[in-house]
Every structure is written in structure tokens, then in C-alpha cells.
Ligand SMILES: Nc1nc2c(ncn2[C@@H]2O[C@H](COP(=O)(O)OP(=O)(O)OP(=O)(O)O)[C@@H](O)[C@H]2O)c(=O)[nH]1
Ligand SMILES: [Mg+2]
């Protein structure tokens, strides 16, 4: 793959974005020999499990904005994203100057704020090829309605960020007994339909069935990767899927 490959790691709060940025980055380094840089775009975190080559917290942090501008955590996150947007040219230049084959880009848990304020702009200014990994907590995907909702969110990211998105089921070590079920929901529409009807009530059934009906038409053809950022399972599969998506999209530079 031409360098650099930018992997923007997105997902709902606590889905394992920081953990996967770290463990998949390490896996790529150790197993493919490519150099990996780590970019932290989450101004709200106290700790990240990697040593950032670029850290947005050098510019601002949620804690400081809350204190200085007397805002709550979400108001401060919006303010932080506005600052990201205002300084996007300078910040993306600094990220582009980092020499690495792969850049793992960790993002805030308040995904919608990042997407609507600055995320698209910064993704658009990165040199190289940019893909996003959308992390779904496997514990949510155990239910057909949860999986349907998560896939819909993945599509919104595709729309909001404007780059190809790979859906990644993380924390599979926590759902070992349910993995076959999840697999079947992903590949067998009729099975998924039945599960939705079993699980849901009233108006939810129609909504979930309606969404699950259109999803196959809209979802990218790529398989969903199943990984554990904790145990390291599934990293080869994720890397293979990256290749598939990359080849399907051609050279995106
Ligand atoms: N069992 C298990 N736990 C995981 C896995 N990935 C992450 N975790 C745990 O899930 C919690 C959240 O992980 P993070 O990596 O901080 O998640 P995040 O998406 O970066 O969280 P925010 O940035 O706060 O939104 C931590 O306790 C991790 O140890 C996994 O694959 N398996
Ligand atoms: Mg994080």
C-alpha cells in the first residue's frame, strides 16, 4: 500500500478506540515491518496506551477549556472541535510532516461532535490514503437490534467523514459463546429478521426491520472484522480486510 496509510479509529464511547489504535499499530509494526506513528486527536483523555507522535492535548484539553470557559464536558468538546477546525491547516501540516508508513489516529468518544466539527476537514487534508475503522463493541452486537443500530451508525460515519469505512467488531473475547450467532446475523438476513422480531416490541420491530432491510443495499461490500484489542485475536483478518478495501477503492491519494 502506498504510504502513508491513515487509519482514523472511530467508535462509540468506550468501544476500544485507544486500545485498538495501540494494539493494531503494534501488530502492524511487528508483523509487517512497516513504521507506525500514533496520533491522538482526543483532547479529553487522561491517558492513552501508546506514545503519541502528535498529541492534540499539546494545544488544548477539555479540562482546561472547561475551567477557562466555564463549560460542561460536552460544551467543552464542541469548543475543542471548533478549535480543531479553526487550526486545521496547521494541525494537519504537523501530522503530515510525521514520517511513517501507517498513522493510527485515535479520536474522541463523543463521535458525533468530532464528525460534525472538524473531523471531515482534518481527514480531507491528510496526505496519503485515509480509511476509517468504525469500532462496534461486540457486547452490543449480541442483539440483532444492537447490531442493526451499530451498522447504521457505521454508515453515518461513512457519510460524515467522507472516507471508506471498515466496520470492526471489537472485544470478541467477551462474547465467545455468541460469536457464531453474530456471524449468522451478519450473513443471513432471514435469521437476523427473526431475531429482531423475537427481541423487539411494538413500534421498534417495524423500525428495526425497516432499517435491516435497507442495510444490505447501503453497506460497503467489505466483510466486518472481528477482533480483540485485548488478546490480539483477529488482527490478521483486519489487516486483510484493509487490503481488500484498499484494492476496491484503488489509489485514493
Ligand atoms: N475485554 C476487552 N476489553 C477491551 C477491549 N478493548 C478495549 N477494552 C477495554 O474497554 C475499556 C475502554 O477501552 P478504551 O480503549 O479506552 O476505549 P475508547 O473507545 O478509547 O474510550 P473513549 O476514548 O473513552 O471513548 C478499557 O477498560 C479497555 O481495557 C477488548 O478487545 N477486550
Ligand atoms: Mg480513547
### Query
Any idea how far apart residue 217 and residue 191 come out in nm if each label point goes 7 Å out from Cα toward Cβ?
2.5 nm
### Task
Could you please rank 67, 193, placing first whichever residue has the fewest other Cβ atoms within 10 Å of its Cβ?
67, 193
### All-pairs Cα distance distribution in the chain, expressed in whole percent, bin size 5 Å
1, 6, 13, 17, 19, 16, 12, 8, 5, 2, 0
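With contacts defined as alpha carbon pairs under 8 Å and 6 or more residues apart, what's the relative contact order of the chain in percent? Walk me through the numbers before you get to the answer.
Working: 414 pairs, mean separation 60.5, N = 253.
The normalised contact order for the chain reaches 24 percent.
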### Query
What FRET efficiency do you get for residue 86 and residue 179 if R0 is 41 Å and r is their Cβ-Cβ distance, rounded to the nearest 0.05?
0.40
### Gain on full stretching of the segment that runs from residue 32 to residue 231 - 0.36 nm per residue minus C-alpha separation
69.8 nm
### Message
I need 187, 129 ordered by Cβ neighbour count within 10 Å, fewest first.
### Response
187, 129
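Please arrange 201, 120 by how many other C-beta atoms lie within 10 Å of their C-beta, fewest to most.
Details: 201 7, 120 18.
So the ranking, lowest neighbour count to highest, is 201, 120.
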### Task
Any chance you could give the angle, 0 to 90 degrees and rounded to 10, that helix 144-161 forms with the longest Cα principal axis of the chain?
40 degrees
### Task
Grab the DSSP H runs of the chain that are 4 residues or longer, score each as -39,500 (n - 2.57), total them, divide by all residues and round the 222 nm result to the nearest 500 deg cm²/dmol.
-16000 deg cm²/dmol
### Message
If I model a spin label as a point 7 Å beyond the Cα along the Cα-Cβ vector, how far apart are those points for residue 93 and residue 152 in nm?
### Response
4.3 nm
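For residue 3 and residue 206 in one chain, what is 0.36 nm times their gap in residues minus the Cα-Cα distance, to one decimal in nm? Mind dumping the intermediate values first?
On the way: separation 203, 0.36 × 203 = 73.08 nm, distance 4.53 nm.
Computed gain between residue 3 and residue 206 is 68.6 nm.
Every read-out reported here was derived from the displayed coordinates using simple, explicitly stated rules and does not represent laboratory data. Remember, it's a predicted structure, so these values are computed and weren't measured experimentally. In this analysis, Cβ positions are derived from the backbone assuming ideal geometry, glycine residues included, and neighbour counts consider all displayed protein chains.
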